[in-house]
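*Asks:* Below is a structure I'd like to ask you about.
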Amino acid sequence: MKFLTLVAALLCTTAIAQDVIVAPRRSVVISAQEHATVIARRGALVHSSCGQYEGIGCGSTPEAARRNCCFFNKRVIVEEGVAYSPARRQWFAVIRYR
């Protein structure tokens, strides 16, 4: 009898465990300026998952970095950020578009 009770308890536990739904992790959207600071610190151009059109670029001046961004002068700018990387000795820009 104890064996059947144990089996029944295990089956109920398994059934409950299978009904648990794990929600996927949501990515945190940071500002264009924060993203520019992150890529300047890393020294590597990496797009974020912000859900918008995003251009990233680098150059010897802030304006050069902006002009090297994808979609520059082709879309309406919504937000932008520029940061300097002393290690790479260049500027990094992030521009988000509509």
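*Asks:* Given Cβ point charges of +1 (Lys, Arg) and -1 (Asp, Glu) and nothing else, what value in debye, to the nearest 20, does the dipole of region 51-98 about its Cα centre take?
*Replies:* The calculation lands at about 120 debye.
*Asks:* May I pose another question? Would you mind listing how long region 51-98 runs along its three principal axes, going by Cα atoms, in whole Å with the largest first?
*Replies:* 32, 19, 11
*Asks:* Would you mind checking the radius of gyration and Dmax of region 32-71 based on alpha-carbon positions, in Å?
*Replies:* 9.7, 28
*Asks:* Can you work out the Karplus-derived ³J(HN,Hα) for every residue in region 66-83? Use 6.51 cos²θ - 1.76 cosθ + 1.60 with θ = phi - 60°, whole Hz, and x for glycine or proline.
*Replies:* Result, rounded to whole Hz: 4, 5, 7, 6, 4, 6, 4, 6, 10, 9, 7, 6, 9, 7, 8, x, 9, 9.
*Asks:* Taking amide H positions as placed 1.01 Å from N in the peptide plane, with prolines and chain starts having none, which residues 5 or more places from Glu79, or on another chain, fall under 5 Å of its amide H?
*Replies:* Excluding prolines and chain starts, which carry no amide H, the hits are Arg96.
*Asks:* Starting from the Cα-Cα distance between Glu34 and Lys74, subtract it from 0.36 nm times their residue separation and give me the gain in nm to one decimal.
*Replies:* 12.1 nm
Values quoted throughout were computed directly from the atomic coordinates according to the rules given, and no laboratory measurement underlies them. Given the structure is predicted, the values throughout are model-derived calculations rather than measurements. Don't worry about glycine lacking a Cβ; one is built from the backbone with ideal geometry, like all the others, and counts go over all protein chains shown.
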